[in-house]
């Protein structure tokens, strides 16, 4: 029976992929038709009946067939049908990239095939329509799959053996899979597992309890085999390096390897180019506000306009962390006298009514305007727009091994913890969010964090 359920699930995914493929084909064809009509019929600037009669729609039929086929091939090559369930931002980015690559192929083909002079405006408008139609269709298709199709069949119930931090981590990962319903239970005996499987409709078992012996795990595997339920073991290593484990059997021996929790190669290049372009644009547009803030800081209290602090960056390299000064000039020297008032756990110091903060500084901190000079750190390659919080050397000395892994990537101006509550979060929650970011980085995640930063800053929650 369980084999039947697993087969049904694979059939559903195949049907879903096929539906996406057909829907994408219809979306591309509709976008081309809309681009043609926009160019020759809809917009009054281009309405010209004589031109429309000279350019009948049938002249574009070969172009439409070729373009649809070319874009679908590019979509397959871009793996739009591999990862079926991604966030809207990631979906937008990968659809835009796939459409751009497909359109470059089509555009190049028009220079080779010169039997007919195609309108370049039709290309441009159709590309925009293509992105809009594809995103609209895929959003609706995903909603139908999640909320309608998966409800017609029983959800894929998964048993997670093991509680605590490890079990909860596995459960969070499984919950992100549509149609998967994880259940956590602490089972230590094979007979207990046999009884559990007999009275439930569990289709898969994950063992994530480090205290279980190898012999017990083998007995569990036998019980699952008798019940026709797949049995999988999550190694103890996952508790320390969740999201960074890669299965490797390249030499014929099954083993687990640790994937470096860092960005390198093309991913680092992409992130760096993205940082530089946005930073240059931001600095160019904010020169006047920068000058005004500098004037307010100088008029409010004596001392430098910029505050420079030694922080630890990528791979433990120190750098000069820049901020607009929001405290009195001797704030560092007065820190020891205030440490007993610390309101945060862990090695981070934070108090809500810090007497060292100036009048202008309190306003700057409330709106996070004191962070703007870090755009210069980004241009110098010391920081990124999005990343973990840059740490003080004293924090590094007190932090655990998991917290120290945040140094594997460039620190950021904003990050997951900043858009999730800032100072309202505990130090442990901050470390967990930063670790999640490192292990699950994607261009879409960066873009999502940047978009969420503005309302988080304007709301002012957790900022002091």
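The values are calculated or read from the model by the stated rules, or taken from the named source; none is laboratory data. Bear in mind the structure is a predicted one, so any value in this text is a computation, not a measurement. For neighbour counting, all protein chains shown are included, and Cβ atoms are generated from backbone atoms with ideal geometry for every residue, glycine included.
Annotations for the structure displayed:
- Unique match (being over 23 Å from residue 15 (Cα atoms), crowded, with 19+ Cβ neighbours inside 10 Å and modelled with pLDDT of 85 or more) among 160, 132: 160
- Matching helices (runs of 4 or more DSSP H) fully within region 1-115 where at least 2 residues are at pLDDT 80 or above and surrounded by fewer than 15 Cβ atoms within 10 Å (Cβ to Cβ): 2-37, 61-77, 88-112
- Any hit, region 379-398, residues being closer than 25 Å to residue 280 by Cα, modelled with pLDDT of 80 or more and in a helix (DSSP H, G or I): yes
- Residue 289 being in a loop (DSSP other than H, G, I, E, B) and either surrounded by fewer than 14 Cβ atoms within 10 Å (Cβ to Cβ) or in the same structural domain as residue 393 (by TED's automatic domain parsing) (or both): no
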